[in-house]
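Encoded as structure tokens, the structure appears first; notes follow it.
The values are calculated or read from the model by the stated rules, or taken from the named source; none is laboratory data. Only a predicted model underlies this, so the values are computations on that prediction, with no experimental measurement involved. When we count neighbours, we look across all protein chains shown, and the Cβ atoms used for this are built from the backbone with ideal geometry, even at glycine.
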């Protein structure tokens, strides 16, 4: 087991709680600069100060110190490491295994000729965008519809009703990203 410093633990639990240093400082009355110094390993807090900071997350001292260090995942993925999360005539190959705690999802999409995301438009929180690599993709956002070819791109708020459909006789490939992860 790798030993984790207090600053590393604090950064880990703060980011898991989706809090910025400023947000945590505002919730706890501990200055942003103090939280930054602790996370950088430049200072160690007193037990009382640490308890006050952790109450803002919230997490107890025993749970905080029970967290075991896990190595950061590799930032690189071979083509065979992409995780298939699609089905049928649409392949969604995701970069990375577990999206828990992630704010970004990247997909390599492949649509068989004529494949689409369904008659009912998709609507969800966040933003998404993509670049067509090959083939042609019809993208509908609200009442606006475009057919995109290689090199063309899209980006929009995912709260706007949208759908995708491959047009033409060849498959369509797209590299896309959405935040937060949708699937």
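Tabulated data for the structure shown
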item	result
Helices (runs of 4 or more DSSP H) contained in segment 16-119 and holding at least 3 residues more than 25 Å from the chain's Cα centre (by Cα), surrounded by 13 or more Cβ atoms within 10 Å (Cβ to Cβ) and modelled with pLDDT under 95	32-39, 47-55
So residue 170, is it loosely packed, with under 15 Cβ neighbours inside 10 Å and closer than 23 Å to residue 88 by Cα	yes
